[in-house]
Amino acid sequence: MKILVIEDELKTSRFLKKGLSEAGYAVDVASDGLEGLHLALELDFDLIILDVMLPALDGWQVLARLREAGRKALVLMLTALDAVHDRVRGFETGADDYLVKPFAFSELLARVRSLLRRVPMRTQETLRMADLEIDLLRHRATRAGRKLELTAKEFLLLSLLARRAGEVLSRTLIAELVWDMNFDSDTNVVDVSVRRLRSKVDDPFPLRLIHTVRGAGYVLEAQP
Ligand code: CA
């Protein structure tokens with residue numbers, strides 16, 4: 001589960017990062033609205049903890065732009081004012097919950113957990129290996145949170161390897177399943193595509209996931 005904290009008060013963001021990391025979440029921090037928005041648009045977060053009072057862009061503007069961009073990440077707003085209009089505004093703009101400052105960490109953690117309980121239903125269709133994540137519903141793949149720019153066939157090929165991770169898949173089988181080709185077709189297309197897929201999925205990262213098994217085919221696994 002990945003959480004983005006957008007908060008300009010260093011003390012608060014440090015304590016949130018520490019506490020949430022200890023609770024087992026992967027936490028990124030942004031210290032102003034603009035940086036936060038960029039991160040939220042670029043990477044995939046399950047939950048965003050968003051302070052209202054921020055430099056550059058305030059929390060409302062960040063939230064509005066996120067929703068305009070179609071981002072569905074859950075948003076927990078932090079507000080210094082326990083004002084009714086703030087809450088109403090938050091929910092109208094698409095916040096999922098809010099918390100009034102100052103708050104106890106245990107209270108925040110309880111909110112975070114309860115919000116994230118909604119997530120498994122959305123991410124059931126996600127395949128994971130090491131830092132590779134494949135979102136089958138949205139046709140998106142990321143490594144270490146970075147989006148991989150894949151063609152439709154490359155995505156299909158990667159999904160096939162990931163669904164059957166640890167299993168060596170022959171060129172013939174891959175050709176059949178990804179390209180609907182017969183066993184006697186030219187399976188060179190598989191090698192070419194795997195090479196291209198590797199250049200995007202493996203080359204920029206230290207851990208290789210796609211392995212060639214000589215004379216047999218290809219396998220996706222997290223072993224070096
Ligand atoms: Ca603030």
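Tally up the residues in the range 1-29 that are within 12 Å of the ligand (Cβ to nearest atom) and either touching a Gly at 6+ places or on another chain (Cβ under 6 Å) or among the aromatic types (Phe, Trp, Tyr) (or both), please.
1
In the range 30-48, what residues are within 14 Å of the ligand (Cβ to nearest atom) and either crowded, with 22+ Cβ neighbours inside 10 Å or outside the structural domain of residue 79 (by TED's automatic domain parsing) (or both)?
30, 33, 36, listed by residue number.
Looking at the range 71-80, which of the residues that are over 17 Å from residue 114 (Cβ atoms) and within 12 Å of the ligand (Cβ to nearest atom) is modelled with the highest pLDDT?
Looking at the filtered set, the residue picked out is 79.
Could you give me the residue pairs with C-beta distances under 6 Å whose first residue belongs to the range 9-32 and is touching a residue at least 60 places away in the same chain (Cβ under 8 Å), whose second residue is of a type outside the set (Ser, Thr, Tyr) and assigned to a loop (DSSP other than H, G, I, E, B) wherever it lies, and which are 6+ apart or on separate chains?
25/1
Sort out which residues of the range 1-43 are out of contact with any strand residue (DSSP E or B) (no Cβ under 6 Å at 6 or more places or on another chain) and charged (D, E, K, R), and write them in order of number.
8, 9, 11, 14, 18, 22, 32, 35, 42
Is it true that residue 203 is modelled with pLDDT of 90 or more and in contact with a Lys or Arg (Cβ under 7 Å, 6 or more places away or on another chain)?
no
The values are calculated or read from the model by the stated rules, or taken from the named source; none is laboratory data. Bear in mind the structure is a predicted one, so any value in this text is a computation, not a measurement. Every residue, glycine as well, gets a Cβ built from its backbone with ideal geometry; the counts of neighbours run over all protein chains shown.
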